[in-house]
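Read the structure below first, then the notes.
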Amino acid sequence: MLAAIIFLVDWLSTLDIAIAVLYVTVILMSEDLVSRRNLMIATLGCGVLTLAAYLLSHVAEWGQGTIWLMPSFGRCLVSFCAIAITGFLALKNKASKEALQRQVHLLNRSEVLLAGAQRLSLTGSIGLKMPGGEMSWSDEARRIFQFDHVVQPTLATMFSRVHPDDVNALKQLIRDAYASQANVDTEFRLLMPDGAFKCLRMLAQQIHDVAGDCEYVGALMDITATKNAEDALHRSQSQLAHVTRVTMLGEMAASIAHEVNQPLSAMTTNAEAGLRWLDREVPDIGEVRSAIERIRGEAHRASEVIRRIRALSRRTDPRHVQIDLHEVLHEAVTLVCRELHRHRVTLDLKPVQGEVAVRGDRVQLQQVIINLMINAMQAMAGMHGKDKTLTVQLSTSNSGNVSLSFQDNGPGISASNLPNLFNPFFTTKPEGMGMGLSICRSIIEAHGGRIWAESELGHGALLNLSLPAIEVSADECN
Ligand code: ADP
């Protein structure tokens, strides 16, 4: 309509001005209303109308060459240029607007996707401006902290949800990270208003905006379910380890009875000798004293054996402290000593000199050692007319690891059985449970170590384990 009006005015008016320039308003108005193609058509149309109006208003000059030399033709050309430039800029502007709209759409789409992904993965995002402490929260982050959507959470409200035992450590960590321009990677707990606990993992990175202001942007993940599952797994692993330990003690019952019985018999013998020295006409107090001292020594020996067996049979949560592996090995060997004797196995113990400090649970490591020794003895049980030797070697390496190896000269392990050895329920024994080595592996891995077997059928088996060594610290008690 507007173009038609401009056309009529341009054609019929006698004013000496470039009326056709007004077509730019038509182009600018169409920019938001029509597609890019139609905008191009409108621009061309305006150009055609400008030319048509010029020609129609100069019908009289048609046929004379002067029609293209008149001043009004100059105005017509100016209008053309204005229309062309406006059309070009409008098209360009429209293309940028469309690109921007596409990006806004993509941004909205990824925001929706991000919100969905955050909801599913229980991961929220937060921003923390430093040193001011202004915060920004994603919906999922608010949901994890159970903040409603009305109030904008601040650093203070965030800390009010953090477990009281973790607040100071978290505050210090943020302060230290800001001071050293480091990223944040931490875990902490929340104590919710209903008394429930949550475990969170937070990863945040420092970024700087154009003004140079620092902001931590990061992800917060609710890892409560994972932690609970891990705890449940540890609980069942330690229960399983306990059950197999008790089973193992059952297998060693005869040896244990012997270990306890020996000092008891020695005590009886010494008590009788002591009484005889007392019953003499002139009691020999010196001999009585030494008999009593021997009784005390044997009682101590018996109570030590019972203490070790009780420790093995008790169900306690693993306690990782600094221990001397040398001592643990020695205690385990004492418990299987009689068993070795019963199986006629010679023990070749090659310990290193001095203390071998590792961090671990004494009972669990003893369980592993006893298990490996019993397996070796059982493997050699079917060998007749041949020396049975079990070589146990404790060594430290330059790589900071402690290794313990158990080499027997039994039948060895076939290449097909070797990969399955540490799988639960893998056994080649008629009465076997197949849990021993699988538990040994989970215990050693929980200690940050590794256990593996090397063997060739007919050439004995070598079971190795390695544990990270630690610096001996005097203040830690084991
Ligand atoms: P179990 O003793 O109940 O069979 P383990 O997990 O302790 O369960 O052992 C799994 C299997 O590994 C054994 O059945 C045996 O075949 C093999 N094995 C373990 N140690 C040795 C060894 N020293 N020599 C030969 N075979 C072994």
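Where a number appears in this text, it was derived from the coordinates with a stated rule and is not lab data. No experiment lies behind these values; they were computed from the predicted model shown. Here the Cβ is made from the backbone with ideal geometry for all residues, glycine too, and neighbour counts use every protein chain on show.
Each of L203, I144, I285 was placed along the dipole of the chain (beta-carbon charges, centred on the mean Cα), and the one lying farthest toward the positive end is I144.
When the P(r) is computed for region 42-189, the part past 20 Å accounts for 70% of the Cα-Cα pairs.
Sum -39500 (n - 2.57) across every DSSP H segment of at least 4 residues in the chain, then divide by the residue count to get the 222 nm mean residue ellipticity, nearest 500. Taken over the chain, the calculation gives -18500 deg cm²/dmol.
Listed by Cβ neighbour count within 10 Å, with the fewest neighbours leading, V402, V150 appear as V150, V402.
Could you state the angle between the C-alpha long axis of helix 362-380 and the longest principal axis of the C-alpha atoms of the chain, as a value from 0 to 90 degrees rounded to the nearest 10? Roughly 70 degrees, rounded to the nearest 10. Across region 36-174, Cα pairs under 8 Å and at least six residues apart give a relative contact order of 15 percent. Across the chain, how large is the tail of the calculated P(r) beyond 41 Å, expressed as a percent of all Cα pairs? When every Cα pair of the chain is considered, 57 percent fall beyond 41 Å. Scaled against 2.2 N^0.38 Å for its residue count N, the alpha carbon radius of gyration of region 210-368 is 1.68.
The magnitude of the dipole of the chain, with charges of +1 and -1 set on the Cβ of Lys/Arg and Asp/Glu and taken from the Cα centre, is near 820 debye. Estimated translational diffusion coefficient (Stokes-Einstein, Kirkwood radius over Cα pairs, 37 °C, 0.692 mPa s) of region 92-139: 253 µm² per second. Are there any GluC sites (Glu not before Pro) in region 381-478 that are in a DSSP loop and have at most 13 other Cβ atoms within 10 Å? List them by number. Filter output for region 381-478: E431, E456, E471, E476. Remind me, relative contact order of the chain in percent, using alpha carbon pairs under 8 angstrom and six or more residues apart? Normalised by residue count, the contact order of the chain is 8 percent.
Ranked from largest, the principal axis spans of the Cα set of region 1-107 equal 61, 24, 20 Å. Normalised by residue number, the volume inside the convex hull of the Cα atoms of region 345-478 is 116 Å³ per residue. Under the combined filter of DSSP loop state and at most 14 neighbouring Cβ atoms within 10 Å, region 135-204 retains none of its chymotrypsin sites (Phe, Trp or Tyr not before Pro).
The GluC sites (Glu not before Pro) of region 261-333 that DSSP puts in a loop, and whose beta carbon has at most 11 other beta carbons within 10 Å, are E281. Entry note, region 394-478: relative contact order of 38 percent, from Cα contacts under 8 Å with a spacing of 6+ residues. The charge dipole of region 297-397, taken about the Cα centre with unit charges on the Cβ atoms of Lys, Arg (+1) and Asp, Glu (-1), comes to about 340 debye, rounded to the nearest 20. Think of region 334-462 as having a plus end and a minus end, set by charges on the Cβ of Lys, Arg, Asp and Glu; of V402, F425, A415, F425 sits farthest toward the positive end of this dipole.
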